[in-house]
Structures are given as C-alpha cells and as structure tokens.
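A.B. asks: I am attaching a structure below and will ask some questions about it afterwards.
The values are calculated or read from the model by the stated rules, or taken from the named source; none is laboratory data. Because the structure is predicted, anything quoted here is derived from the model rather than measured. Don't worry about glycine lacking a Cβ; one is built from the backbone with ideal geometry, like all the others, and counts go over all protein chains shown. Protein only, heavy atoms only, side chains kept; ligands, DNA and RNA dropped before computing areas. Shrake-Rupley method; radii C 1.70, N 1.55, O 1.52, S 1.80 Å.
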Amino acid sequence: SILPKNSLESSLHQLECHFTWSLPKEDVDLDELEEKIVNQTEFLIKTNITNYNLLSYVCYLNNSEEKALTNLQKAEEEVKKNHPDEISRRSLVTWGNYAWIYYHMERYEDAQAYVSKVENSCKKLSSNAECKIQFPEIYAQQGWALLSFGRKYYERAKNCFENALQNEPNNPEFNTGYAITMYRLEDFSERRYEDESLSLSPLKRAVELDPEDTFSSVLLALKLQDLKQVDEGERYIEEAMQKNPYVPYVLRYAAKFYRRKGEVDKAVEILKKAQEVTPKSVFLHHQLGLCYREKMIELKKARYPPQDQVDQLIHLCIFHFKTVIEQKTKFFYAHTDLASMYAEGKMYKEAEETFQKASRINILSSHDEQLFCYRYGNFNQFCKKSHSEAIKYYIKGMKIDKDSYMSRKCGMALKKLLEKRIQRGVGDATDFGTLGLVHNLYGNKCEAIDCYQQAVALCPDNEEYLNALCELQLPS
C-alpha cells in the first residue's frame, strides 16, 4: 500500500542520500560541476559509484530528471560489477536518490518502492531500521559530495571522512578523501607556509596505502613544495607524470608546481599539453593566465622593462582570465585576477565592473571577502587615487577575521597609506584615529595611545577617540 503523501515525505527525509545532505544548487556552478564529474569518471576510475550518484543529483538540480535516472542505473551497474556480495549495503545512497527523484517526478508508487527497499535492507543489515548513517561508505559518499560543493562545506566533509575512517582506518579511498579535504582546508586557511602542516601526514598515508593514486601524489608534491622540500616534491610530480602522462589533473598540478618553482615556460608547456586532452577546462585557462602574469611581473623588475612585451603579456592574461569567468561565473579568484589585470593595463572602467561582479558572487568565504577588500582597496588607492575608498575597504578587510594572514595584509596596506598621508602633512584627525585603530587591533598599545592622542589634539570633542584613549589607558 502506498503511504499518504505527507507520510511518504517524512520517510524520504529519513534517507541518507544527496537530497538530505543540504547541498543547495546556489552554491555551485552546475554546468561546471557536471563537466568536472564527467572528467573524473573518465580519468579517476575508482570512485565511480560515488561519481554517478553525485552526477545524478547534479542532473536533477539542472532539471534533467531522465539523465539523473540514467546515472543512477550506471551507479547500480558499478555496484554489481565491483561489489557483487554487498549489493544492498553499497546501494543505499543510490536507492535513496531514486526515491527522491521519483517523488519529484510525482511517481509516488516508484518512490515508495525505493523507500521500502532501503528500509528492508537496513533491517537486514543492522538492528537500526531507521538507517541513519552508520556505514562508512555512506559517510565517504557524503564527504565526496560536500567536497564538490565548495569550501564552505570542507569542514563537514572532513567530519564525514573522519567518521568513515573510524570503522575502516586502512581504507585507501577514505584516506584519499580525508587527505584531499585536509589539503584544501589548509590551502584556504593560510596555514600553507607554516612549518607544521596538518595535511602532510594524511597525504603521505594516502600515497602509501595506494601508490597508484596519482591525485594524492601531486597534492603531496605541492605540500612538500610549500614546506620548502622542493626536490622531494618534484620526485612525486615526475613519477605521477610518468604513470599518467595524459591525465589532465596530474598535468595541471604539475604545471602549478613548476610555475611556483619559477620554471614558468615549463609550466606553460605542460598546460598546453593538458589542453589537448580537456580543451574546455577553465582551470587550465586560469593557470595559463597566472603563468603569463608571473612572466609580466618578472619583466617589470628590469630597469627598463620592454613595454611592448609587458603589454602583450597583459593581453594574454586578460584573454585567459576572461575565458574563465565567461564559463565559470562564480570563480571568485579569476574575477579578481581579471580585475587586477585590467587595472594593470589601465582599463579602469573594465576593472571597476569586474570588481563589482566579484563582490556579488554569493559563495564567498571570509578569506575571499578579505582578499576582495585588499585588492579593491589597492585599486582605489593606486588607480583611482581615492584614498577614502581605499581606507574604507582596508578597514573592512582587516575586521573580518583579524587573526588571518589577509587581515594583516589589509592592515599593513592601511598603515602604509596613513603614514604616507601623515608624513606629507595631509593627515587629519581621522587618519590618526584610524592608525590608532590599526595599532590597537594588532596589539601595539603604545603606538595606538600615541595616535589617539594626536587625533584628540586635532579634534578634542570626538567621543570615539576619547573613549578609545580612556580604554587603552586603563590599568590592565
């Protein structure tokens, strides 16, 4: 018998699958994610059950329900082929996804059939008929899905892989997922250049458990490079390129390694080879843009930079970064890279428009927001000569997360700008007060008191400065 609709709904919410993991479509660029998963199914053979399930969910979000069902069939075939003895256990997520898609297609009988299939399997597999997550592979599938939905979800992904590893600490796939998540978390928290790295040992463990997994190898190489162990890193890069000379992600990370090592021409050569395999990849365009930017910065260090070559490199950068944002409208870094490059080429109107587009991307982390404030502050200071706007953005960036690397960069830029104004004799009470705020935020108490005293001398009735001064002078 079919459950009444609201009762069916409540059963659907008990399932563990992509539809119940809070993965909203606003947080990703769906076409770009679909292309990425298709590439992974082609080049990363191992986790195809996971890939087809995720692809099915992405197709559903893109309003292609039939395509979504086709991918679930592929996931089922993968289970039969690779885990013939554990079909029910390995299919719980797939069946949950079937139930939800049929429900959205208003095929309630089919939806109910899959809900029952999951519930019956759970009764057989465990004492807990509710079947809330308890199988490590379900945790892992959730971890991979979260990882694909962007950095906002990395913390949750980390918890999922940790839960999966509790039951199977030596599972190569779970270790790989955990290592990649730790690498990405670290990459965005500015821990990159500290001596101790949280992702180093998970990456080493993943490579040790599965030496054929070149994805972990190339990330390990980049991590070793961060930690100044460049030769050892290069060994992993060379090995990965020998094992998989045509796998795009191996090539793109190898290119990143050589760009950061200063071998920019070699990086460009590798990226062009990767483009032959995946011509549509926006990541490759972004990396090429970064390479040409590096070359431009080098050229500009010369005493008499060859202007025609500098201009040519600026145009190349603009071409590649523009190609990226046309296809990947939410790629924040490419937007700010393009805006800064327009500014470099004195195309200020285009720079302003691109900065505004970047600020409207709705999935920014606090690090992104700070980077935006820093770059837009620089643009206002150096290109538009608008010191008041520059100061406004530096202050905003500084306050978002005051313990971060980017906060310090905003603070340093602001301090430099204010000191310059004061030295030139154009500093007013606001400049002294703001400089006091900078010193105070970073714990330089004496300097802060000095600045606030100067501000009060220029503007004796300002309560903000008087209060700040009183607080600083209270005995601690």
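A.B. asks: Mind telling me which of the residues Gln381, Gln423, Gln370 ends up being more than 19 Å from the chain's Cα centre (by Cα) and closer than 22 Å to Glu353 by Cβ? First the steps, then the outcome.
C.D. replies: On the way: Gln423 fails: closer than 22 Å to Glu353 by Cβ; Gln370 fails: more than 19 Å from the chain's Cα centre (by Cα).
Of the residues listed, the single one that is more than 19 Å from the chain's Cα centre (by Cα) and closer than 22 Å to Glu353 by Cβ is Gln381.
A.B. asks: Consider the range 388-421. How many of its residues are assigned to a helix (DSSP H, G or I), of a type outside the set (Phe, Trp, Tyr) and open to solvent by 50 Å² or more (accessible area, probe 1.4 Å)? Spell out the reasoning first.
C.D. replies: Initial filter on the range 388-421 (assigned to a helix (DSSP H, G or I)): 388-400, 405-421.
Filter once more, so that each one left must be of a type outside the set (Phe, Trp, Tyr): 388-392, 395-400, 406-421.
With open to solvent by 50 Å² or more (accessible area, probe 1.4 Å) added as a condition, the list becomes 388-389, 392, 396, 399-400, 408-409, 412, 415-416, 419-420.
Within the range 388-421, residues that are assigned to a helix (DSSP H, G or I), of a type outside the set (Phe, Trp, Tyr) and open to solvent by 50 Å² or more (accessible area, probe 1.4 Å) number 13.
A.B. asks: Mind checking whether some residue in the range 113-127 is open to solvent by 20 Å² or more (accessible area, probe 1.4 Å), under 29 Å from Asp31 (Cα atoms) and either in a helix (DSSP H, G or I) or touching a residue at least 40 places away in the same chain (Cβ under 8 Å) (or both)? Reasoning before the result, please.
C.D. replies: In the first step, residues of the range 113-127 are kept if they are open to solvent by 20 Å² or more (accessible area, probe 1.4 Å); the result is 113-114, 116-117, 119-120, 123-127.
Filter again for under 29 Å from Asp31 (Cα atoms), leaving 114.
So of that shortlist, the ones also either in a helix (DSSP H, G or I) or touching a residue at least 40 places away in the same chain (Cβ under 8 Å) (or both) come out as 114.
Looking through the range 113-127, at least one residue is open to solvent by 20 Å² or more (accessible area, probe 1.4 Å), under 29 Å from Asp31 (Cα atoms) and either in a helix (DSSP H, G or I) or touching a residue at least 40 places away in the same chain (Cβ under 8 Å) (or both).
A.B. asks: Among the residues of the range 174-186, are any within 21 Å of Asp27 (Cβ to Cβ), small (Gly, Ala, Ser) and open to solvent by 10 Å² or more (accessible area, probe 1.4 Å)?
C.D. replies: no
A.B. asks: Quick check on the range 41-55. Is at least one of its residues buried (at least 21 other Cβ atoms within 10 Å of the Cβ), aliphatic (A, V, I, L, M) and closer than 24 Å to Ala274 by Cβ?
C.D. replies: Checked the range 41-55: at least one residue is buried (at least 21 other Cβ atoms within 10 Å of the Cβ), aliphatic (A, V, I, L, M) and closer than 24 Å to Ala274 by Cβ.
A.B. asks: Does the range 378-386 contain at least one residue that is crowded, with 17+ Cβ neighbours inside 10 Å and either among the aliphatic types (A, V, I, L, M) or closer than 16 Å to Ala468 by Cβ (or both)?
C.D. replies: No, the conditions are met nowhere in the range 378-386.
A.B. asks: Determine which single condition Asp265 fails, assuming it passes every other condition in (1) without any contact (Cβ under 8 Å) to a residue 60 or more places away in the chain; (2) out of contact with any Cys (no Cβ under 9 Å at 6 or more places or on another chain); (3) open to solvent by 60 Å² or more (accessible area, probe 1.4 Å).
C.D. replies: Failed condition: (2).
A.B. asks: Tell me, yes or no, whether the range 87-107 has at least one residue that is modelled with pLDDT of 95 or more, more than 20 Å from Thr20 (Cα to Cα), open to solvent by 50 Å² or more (accessible area, probe 1.4 Å) and not aromatic (Phe, Trp, Tyr).
C.D. replies: Scanning the range 87-107 turns up at least one residue that is modelled with pLDDT of 95 or more, more than 20 Å from Thr20 (Cα to Cα), open to solvent by 50 Å² or more (accessible area, probe 1.4 Å) and not aromatic (Phe, Trp, Tyr).
A.B. asks: Please work out if Glu162 is open to solvent by 20 Å² or more (accessible area, probe 1.4 Å) and not in a helix (DSSP H, G or I).
C.D. replies: Working: open to solvent by 20 Å² or more (accessible area, probe 1.4 Å): yes; not in a helix (DSSP H, G or I): no.
No: the conditions fail for Glu162.
A.B. asks: Looking only at the range 359-377, filter to residues that are of a type in the set (Ser, Thr, Tyr) and under 19 Å from Tyr348 (Cβ atoms); which one of those is least open to solvent (accessible area, probe 1.4 Å)? Steps first, please.
C.D. replies: Taking the range 359-377 as the starting set, the residues that turn out to be of a type in the set (Ser, Thr, Tyr) are 359, 365-366, 374, 376.
Now narrow it down to the ones that are under 19 Å from Tyr348 (Cβ atoms): 359, 374, 376.
Values: Ser359: 49, Tyr374: 48, Tyr376: 9 Å².
Checking each candidate, the answer is Tyr376.
A.B. asks: Output the qualifying pairs, or none if there are none: Cβ atoms under 7 angstrom, residues six or more apart or on different chains, first residue in the range 365-382 and farther than 9 Å from Tyr394 by Cβ and assigned by the TED database to the domain that holds Asp27, second residue outside any loop (DSSP other than H, G, I, E, B) and among the aromatic types (Phe, Trp, Tyr).
C.D. replies: Hits for this filter: zero, empty list.
A.B. asks: Which of the residues that make up the range 313-346 are part of a loop (DSSP other than H, G, I, E, B) and within 16 Å of Tyr292 (Cβ to Cβ)? Talk me through it step by step, then tell me what you get.
C.D. replies: Step one: of the range 313-346, the residues part of a loop (DSSP other than H, G, I, E, B) are 328-331, 345-346.
The one that is part of a loop (DSSP other than H, G, I, E, B) and within 16 Å of Tyr292 (Cβ to Cβ): Gly345.
A.B. asks: Could you give me the residue pairs with C-beta distances under 8 Å whose first residue belongs to the range 15-39 and is over 17 Å from Asn362 (Cα atoms), whose second residue is among the basic types (Lys, Arg) and open to solvent by 50 Å² or more (accessible area, probe 1.4 Å) wherever it lies, and which are 6+ apart or on separate chains?
C.D. replies: Final answer for the pair search is Glu16/Lys132; Glu35/Lys280.
A.B. asks: Could you grab the pairs with beta carbons closer than 6 Å, sequence gap of 6+ or different chains, first residue in the range 51-69 and in the same structural domain as Asn39 (by the TED database) and within 16 Å of Tyr103 (Cα to Cα), second one modelled with pLDDT under 95 and assigned to a helix (DSSP H, G or I)?
C.D. replies: As it stands, the answer is Leu61/Lys25; Leu61/Leu30, since those pairs meet every condition given.
A.B. asks: Kindly indicate whether Val79 is among the aliphatic types (A, V, I, L, M), surrounded by fewer than 18 Cβ atoms within 10 Å (Cβ to Cβ) and farther than 18 Å from Val115 by Cα.
C.D. replies: Numbers: among the aliphatic types (A, V, I, L, M): yes; surrounded by fewer than 18 Cβ atoms within 10 Å (Cβ to Cβ): no; farther than 18 Å from Val115 by Cα: yes.
When the stated conditions are applied, Val79 does not pass them.
A.B. asks: Against the conditions (1) in a helix (DSSP H, G or I); (2) within 25 Å of the chain's Cα centre (by Cα); (3) surrounded by fewer than 20 Cβ atoms within 10 Å (Cβ to Cβ), where does Tyr292 fall short? Just the number, please.
C.D. replies: Checking Tyr292 against (1) in a helix (DSSP H, G or I); (2) within 25 Å of the chain's Cα centre (by Cα); (3) surrounded by fewer than 20 Cβ atoms within 10 Å (Cβ to Cβ), the one that fails is (3).
A.B. asks: Moving on to the next point. Within the range 422-449, which residues are surrounded by fewer than 19 Cβ atoms within 10 Å (Cβ to Cβ), free of Cβ contacts under 8 Å to residues at least 40 places away in the same chain, in a helix (DSSP H, G or I) and in contact with a helix residue (DSSP H, G or I) (Cβ under 8 Å, 6 or more places away or on another chain)?
C.D. replies: Ile422, Ala429, Thr430, Asn440, Lys445, Glu447, Ile449
A.B. asks: Go through the range 199-251 and give me each residue that's outside any loop (DSSP other than H, G, I, E, B), of a type in the set (A, V, I, L, M) and either in contact with a strand residue (DSSP E or B) (Cβ under 6 Å, 6 or more places away or on another chain) or open to solvent by 10 Å² or more (accessible area, probe 1.4 Å) (or both). Give the steps one after another, and end with the answer.
C.D. replies: Let us first name the residues in the range 199-251 that are outside any loop (DSSP other than H, G, I, E, B), namely 200-209, 214-226, 230-243, 248-251.
From what is left, the residues that are of a type in the set (A, V, I, L, M) are 200, 203, 206-207, 209, 218-222, 224, 230, 237, 240-241, 250-251.
Listed by number, the residues that qualify are Leu200, Val207, Leu209, Val230, Met241.
A.B. asks: Based on what the data block shows, is Leu313 of a type outside the set (Lys, Arg), crowded, with 20+ Cβ neighbours inside 10 Å and over 24 Å from the mean Cα position of the chain (by Cα)? Write out each step before concluding.
C.D. replies: Details: of a type outside the set (Lys, Arg): yes; crowded, with 20+ Cβ neighbours inside 10 Å: yes; over 24 Å from the mean Cα position of the chain (by Cα): yes.
It is true that Leu313 is of a type outside the set (Lys, Arg), crowded, with 20+ Cβ neighbours inside 10 Å and over 24 Å from the mean Cα position of the chain (by Cα).
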